[in-house]
Amino acid sequence: MNNMEIIEDTSFIVSNEGDVLVIHHEEAGEIARLEGDFSAEDVEEVVEDYD
């Protein structure tokens, strides 16, 4: 995986695979893939919806 980042104080990890942002949960694994034009708010929404 490229450019992996842990979201502080959560169980989520975000990684960049080319043009795709992949969101992982520590226990569940991959939970979302965001392609194209996405923002920090989109990532927040995925994390909040999963949590």
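The values are calculated or read from the model by the stated rules, or taken from the named source; none is laboratory data. As the structure is a prediction and not an experimental result, all values here were calculated from the model. Glycine also receives a Cβ, built like all others from the backbone with ideal geometry; neighbour counts cover every protein chain displayed. We work out accessible area using only protein heavy atoms, side chains counted, and drop any ligands, DNA or RNA first. Shrake-Rupley method; radii C 1.70, N 1.55, O 1.52, S 1.80 Å.
Couple of notes before you dig in:
- Of all residues in the stretch 35-45, those satisfying the criterion of being hydrophobic (A, V, I, L, M, F, W, C) and open to solvent by 30 Å² or more (accessible area, probe 1.4 Å) are Phe38, Ala40.
- Identity of the residue in the stretch 1-34, within 10 Å of the chain's Cα centre (by Cα) and touching a residue at least 24 places away in the same chain (Cβ under 8 Å), that ends up surrounded by the fewest Cβ atoms within 10 Å (Cβ to Cβ): Ile7
- Inside the stretch 35-47, residues that are within 8 Å of the chain's Cα centre (by Cα) and farther than 15 Å from Met4 by Cβ make up a count of 2.
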